[in-house]
């Protein structure tokens, strides 16, 4: 441990002295004995230097070849100590010791969080680890030594990172190291930043950086609310001057019970996801999302988070409990605040600016349009600054304070020859600089004048609202700006809308696609998570008439986009009803307040224009607040403003965004710029926002041109079909070869298969979709056990089938891709054949008919002929009507070509088969509905299932073929019990024996077909 005493000597490594603008001498050598000391050592060590000290430091010499050579010297303190000096030195070692570890447990909800400081990150101004379950957050706070240029924006930066190692995994991308900040990490950075800013002291210009890492994640306790609390504790322990400690909690609603800091599993069942941050006495930030939650429930949730609305011990005042415990920890291990670094403009400057600007400022604030008002204020600011300059109170070329710069001693001198700057006294190896004769400091700086002018402008604007009841554009507090909207202005886009509210305008564009368009998320737990709906918000500098850089989306753009996205998400249809991936782009073309809520309104109209079946319309509004403070002669009564502008947002005390419909709220976000907001004030704002949303929805309903509410002809077509899960591998093929060949052959965009048997086909045109659907249907088709098929129906006649191979006993015919059946040599022709090659050859195309399913001699089949073929081992087969095929098991398909050839021996048939002649067939083609029926009267069929095949096609389509889908035709098989069908038939009046079995409609099918195809 370092102890100051006369003639103490420490060896320092050769280092270069650091230039400092400070008036106090500072030591920057890296002593090996001082490596353990904390960040504030330099500041505290300066207080140890006595008035009559002499110190020795490293110096630079110039060698013959012009290179620098730093010589290591010793550091000496030699002084005569007085009694007062001895007392200062005795207390000094206590300040130089690193902070001792402290830890506390804070009850939050139904569990405790563990807070520890002084163990990790001791060189930071403030460092803390917060643990909830097995989730650990490590947060540090550091301050720049030199202040930055004064501004009206506190120089605070926040970075939050989720280490994949916290969950025991690595990134799924090519680069395995954490790099660019992800979108959800940016959102958490904003959650940390927004409640901290109102607590920072004005006039503190030292850059402050907050770094937060997730070191451990158990997948059960979310890290976002924990990161807000950790940042609040770290700032409270650091030297950053702030008013009060903050904390963050999450509130969920499970059933009718509010839960504080719910787990991830509980959040899935929660109707509310609210994150609340504030102090022990006021709310500073709220952000949450819900499913049309009424305003009354939302207020109860906020009350649970801040005060207590229920008397259960684990819900009692979570924010207040955390803040009180943090104050106790600060008293034990907190560092003194840098209050001496706070620099505020002189108080008399405010009076001078008001006297000079005065009436002109009032007139400029009454200009309704943003750009003219902005130019008038800029001209007035320049006028005020010039007046101060002419009177000598301020100068733009203000002389900077002379820095204590050690001049380069390495001029053209010989080796070891030193150069002493004029005015310096050479005392051996010590250069004592004289006090420079600085010019008399000027009364005000240019920066101070600009800051004061902006504050005075805000004061005059607030006074006009409070005293006159009129805003800058002449509106009343609850009045909205003029609203107009139009849809369909972009002909090639799938959906588009232009929403304008006053001087705020959003151009929303919707794009529909398949799963390949979904956004992939790489997070700590779910490695493959996809978002089927996302909204991207863009705020170009041109929307405010400025010039700026264009690059990656800013944090503000990401945050506003997520707010609008979460506001619209509850009204979207489920993926089962609308299988599209939806992307919404909101480009702000004009901005004067609440562009994120304009994105909500414009996005809703664009979704309707794209044909997305929304549950209801959604609108958003931004609310503001101005307090009638004592400077205006008031008592602090809040005045709530509806549909605030940019100036009212900057000069006001609150920015509260609420989105939803007439029934409830879907998203909300609130930022407070004063000490906080109470529950009654928030209630008034929510009720006034509900009335504003209703007015906006009424104006949106007047949109002209209105939303088309149907799919664009340029949107892709997605068909959903269901096959047996064990047949999915037939569609995919070896290494995906089969599905790729189908895509290449038919020209569809994509074919998506799922393990549960769902197949989604995406195509730009209907014809290619039908081709791929026909291939997949035939590829996966297999007769179902127990089903009854009418063999005489064209559904089991396969046209243009290719002969794949020839065997001595017959030929194998491909009836669909990957599906072959055997046509026995006896079924090739009506006459006798010695071998199959006499009639056909490989590659020929023939028409065949399904006559039998071979189940290894364990079943029977009834053919369309009069004779019922029975298997040799099955002697109890019932005698069915010859027009049905009964399948009792799985087996190989047996086909017949002869059955389609003219029968020369029809007199041997026991029943007469009805055939449609050419004339009759042409007549039948002209009808919109063609019906065929075969009545089954056998009682033993009552326990079997039947399949009705309904075919919808245009009047120009060809006759129905065997499971092969032609143009404009979709097939949907509905399986029902024959017993139920027979019971329903008893209740129907007796009609002809031929009942409708096939319905052919001339109406075209819709673009999206959601049905279940009874396929194998």
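Filtered by the rule that a residue be buried (at least 19 other Cβ atoms within 10 Å of the Cβ) and out of contact with any helix residue (DSSP H, G or I) (no Cβ under 6 Å at 6 or more places or on another chain), the stretch 829-850 gives 840, 846, 848. When the strands (runs of 3 or more DSSP E) confined to the stretch 94-185 are screened for residues that are touching a residue at least 24 places away in the same chain (Cβ under 8 Å) and exposed (fewer than 14 other Cβ atoms within 10 Å of the Cβ), those reaching at least 2 such residues are found at 135-147.
Where strands (runs of 3 or more DSSP E) fall wholly inside the stretch 786-846, the ranges with 2 or more residues that are modelled with pLDDT under 90 and within 14 Å of residue 895 (Cα to Cα) are 797-807, 810-816, 819-824.
Considering (1) in contact with a helix residue (DSSP H, G or I) (Cβ under 6 Å, 6 or more places away or on another chain); (2) surrounded by 23 or more Cβ atoms within 10 Å (Cβ to Cβ), the lone condition that residue 605 does not fulfil carries the number (1).
Okay, residues lined up against (1) touching a residue at least 60 places away in the same chain (Cβ under 8 Å); (2) in a loop (DSSP other than H, G, I, E, B); (3) in the same structural domain as residue 200 (by TED's automatic domain parsing); (4) under 18 Å from residue 671 (Cβ atoms):
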position: 219; (1), (2), (3), (4): yes, yes, yes, no
position: 222; (1), (2), (3), (4): yes, yes, yes, no
position: 227; (1), (2), (3), (4): yes, no, yes, yes
position: 232; (1), (2), (3), (4): yes, no, yes, yes
position: 236; (1), (2), (3), (4): yes, no, yes, no
position: 244; (1), (2), (3), (4): yes, yes, yes, yes
position: 249; (1), (2), (3), (4): yes, no, yes, yes
position: 253; (1), (2), (3), (4): no, no, yes, no
position: 258; (1), (2), (3), (4): no, no, yes, no
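Check 683, 713, 709 and return the single one that is at pLDDT below 95, within 32 Å of the chain's Cα centre (by Cα), surrounded by fewer than 17 Cβ atoms within 10 Å (Cβ to Cβ) and assigned to a helix (DSSP H, G or I).
Going through 683, 713, 709 in turn, just one is at pLDDT below 95, within 32 Å of the chain's Cα centre (by Cα), surrounded by fewer than 17 Cβ atoms within 10 Å (Cβ to Cβ) and assigned to a helix (DSSP H, G or I): 683.
Across the stretch 755-775, the number of residues qualifying as assigned to a helix (DSSP H, G or I) and modelled with pLDDT of 90 or more comes to 8.
Residues that are modelled with pLDDT of 90 or more and in contact with a helix residue (DSSP H, G or I) (Cβ under 7 Å, 6 or more places away or on another chain) within the stretch 630-645 comprise 639, 640, 641, 642, 643, listed in sequence order.
Considering only residues that are touching a residue at least 40 places away in the same chain (Cβ under 8 Å), buried (at least 17 other Cβ atoms within 10 Å of the Cβ) and in a loop (DSSP other than H, G, I, E, B), which ones fall in the stretch 630-655? Selection gives 643, 644, 645, 652.
Between 659, 610, 598, 622, the distinction of being assigned by TED's automatic domain parsing to the domain that holds residue 492, out of contact with any helix residue (DSSP H, G or I) (no Cβ under 8 Å at 6 or more places or on another chain), over 30 Å from residue 717 (Cβ atoms) and at pLDDT 95 or above belongs to 598 only. Test each condition in (1) farther than 21 Å from residue 576 by Cα; (2) in a strand (DSSP E or B) for residue 741 and report the one that comes out false. Result: residue 741 fails condition (2) only.
Table: residues versus (1) under 30 Å from the mean Cα position of the chain (by Cα); (2) closer than 17 Å to residue 649 by Cβ; (3) not in a loop (DSSP other than H, G, I, E, B).
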{"position": "457", "(1), (2), (3)": "no, yes, yes"}
{"position": "462", "(1), (2), (3)": "no, yes, yes"}
{"position": "466", "(1), (2), (3)": "no, yes, yes"}
{"position": "499", "(1), (2), (3)": "yes, no, yes"}
{"position": "520", "(1), (2), (3)": "yes, no, yes"}
{"position": "524", "(1), (2), (3)": "yes, no, no"}
{"position": "530", "(1), (2), (3)": "yes, no, yes"}
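So is residue 361 in the same structural domain as residue 462 (by TED's automatic domain parsing), buried (at least 16 other Cβ atoms within 10 Å of the Cβ) and modelled with pLDDT of 90 or more or not? Yes, satisfied. Residue 669 passes every criterion in (1) part of a loop (DSSP other than H, G, I, E, B); (2) touching a strand residue (DSSP E or B) at 6+ places or on another chain (Cβ under 9 Å); (3) surrounded by 15 or more Cβ atoms within 10 Å (Cβ to Cβ) apart from (1).
The values are calculated or read from the model by the stated rules, or taken from the named source; none is laboratory data. The structure displayed is predicted, hence computed values, not measured ones. In this analysis, Cβ positions are derived from the backbone assuming ideal geometry, glycine residues included, and neighbour counts consider all displayed protein chains.
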